[in-house]
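Inspection log for the structure reproduced underneath, given as structure tokens.
The values are calculated or read from the model by the stated rules, or taken from the named source; none is laboratory data. Fair warning: this is a prediction, and the values are worked out from it, not measured in the lab. Here the Cβ positions follow ideal geometry from the backbone for every residue, glycine too, while neighbour counts run over all protein chains shown.
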Amino acid sequence: MSEIDEKEIKRRFEVISQFEQDSEVAARDVEHVRIRLIQHMSGQQPGKKKIWRKIMKSRITKLAAAAVIIVAVILGLTFTGGPDIASVSWGEVIEKVEQIPALTFDMKVEISYTENNKLSIQSENYVAGDYGTKSSLYTNGELFVLKYRLPNKNVAYQIRPKDKTYIRIDLSDRQAAKGQDTDDPRTWLKMILSGDYTKLGRDNINGVDVEGIECNRPEMTGESGVMRLWVDVQTNLPVNIEVEMMGMEGGQMRPHKFVMENFKWDVELDESVFEPNIPSDYTLKER
């Protein structure tokens with residue numbers, strides 16, 4: 001950009017100070033650029049600081065949004081919509097969650113039989129690297145199955161309180177290995193971040209600023225499936241994971257949608273949470 005003397009800068013500001021402004025938009029953008037400029041000035045050359053002081057002393061302190069953007073351009077800044085806006089470091093998401101020993105989250109599952117006939121399942125989920133996973137599944141507010149996966153003991157259980165029955169599943173070392181548990185959201189995170197993905201930009205989920213990506217992993221979801229991940233821009237921790245795929249239900253392939261949300265990362269979970277405690281009057285069912 002060509003050099004502009006201080007007299008010309010002042011003249012241009014006199015012109016743009018006459019713009020009519022939308023108060024809400026202007027206030028937001030003025031605040032963004034004000035903070036951005038303050039940060040930039042801390043490492044800027046003395047000459048440009050002098051210009052900024054003259055600008056602030058002039059009568060254009062009520063700049064329109066367009067005017068403050070011009071301020072940034074004149075001072076050699078790149079305005080990107082805000083002052084050093086936090087952004088997700090996607091390469092660090094897995095590394096960060098792998099260091100967390102225990103977490104809880106909720107999940108919603110929707111299985112479509114027809115357009116007007118859908119099964120909705122809600123679950124409360126507990127994950128601890130030292131113990132395994134536990135999921136309490138509900139339909140219409142009623143608990144219908146408890147799932148335990150205990151890799152250190154090479155066993156998993158499905159317990160149905162309503163029927164007073166349970167299933168025991170012995171796990172091989174391969175099945176029990178880390179990364180094989182689809183009840184652990186980190187398994188899905190690794191899948192999503194393992195290859196190419198499309199950025200979805202920014203959004204807000206329950207008051208949390210997030211950035212999202214989506215991808216398709218045919219080996220997991222089929223050709224038509226899609227997986228989305230939304231991550232807190234401040235903490236680099238997942239806020240929401242969505243998976244849409246075809247899955248077997250009732251002997252047929254049907255659309256499934258999973259939504260993992262309400263994550264609580266790095267919580268304390270006692271080993272007793274993962275103890276099945278199957279009542280003596282429950283019947284073991286053969287698989």
Scan segment 161-184 and give yes if some residue there is within 14 Å of the chain's Cα centre (by Cα), outside any loop (DSSP other than H, G, I, E, B) and of a type outside the set (Gly, Ala, Ser), otherwise no.
no
Against the condition in contact with a helix residue (DSSP H, G or I) (Cβ under 9 Å, 6 or more places away or on another chain), modelled with pLDDT under 95 and not polar (S, T, N, Q), how does VAL68 come out, does it pass?
yes
For ILE205, state whether it is of a type in the set (A, V, I, L, M, F, W, C) and either under 25 Å from PRO151 (Cα atoms) or in contact with a Lys or Arg (Cβ under 7 Å, 6 or more places away or on another chain) (or both).
no
If the Cβ limit is 8 Å and pairs must be 6+ apart or interchain, which residue in segment 117-137 that is on the phi > 0 side of the Ramachandran plot pairs with which residue that is assigned to a strand (DSSP E or B) and surrounded by fewer than 21 Cβ atoms within 10 Å (Cβ to Cβ)?
GLY132/LEU150
Among (1) within 23 Å of the chain's Cα centre (by Cα); (2) modelled with pLDDT of 95 or more; (3) not aromatic (Phe, Trp, Tyr), there is one condition ILE94 misses while meeting the rest; what is its number?
(2)
Looking at segment 171-186 only, could you name the residues that are at pLDDT 90 or above and over 9 Å from ASN154 (Cα atoms)?
ASP184, PRO185, ARG186
Those residues of segment 215-232 which are touching a strand residue (DSSP E or B) at 6+ places or on another chain (Cβ under 6 Å) and surrounded by 17 or more Cβ atoms within 10 Å (Cβ to Cβ), in sequence order
CYS215, ASN216, THR221, GLY225, MET227, ARG228, LEU229, TRP230, VAL231, ASP232
In segment 176-208, what residues are surrounded by fewer than 17 Cβ atoms within 10 Å (Cβ to Cβ), out of contact with any helix residue (DSSP H, G or I) (no Cβ under 8 Å at 6 or more places or on another chain) and not small (Gly, Ala, Ser)?
THR187, ASP196, THR198, LYS199, LEU200, ARG202, ASP203, ASN204, ILE205, ASN206, VAL208
Sort out which residues of segment 90-116 are in a strand (DSSP E or B) and free of Cβ contacts under 8 Å to residues at least 60 places away in the same chain, and write them in order of number.
THR114
Among the residues in segment 236-243, are any closer than 26 Å to THR104 by Cα and over 12 Å from the mean Cα position of the chain (by Cα)?
yes
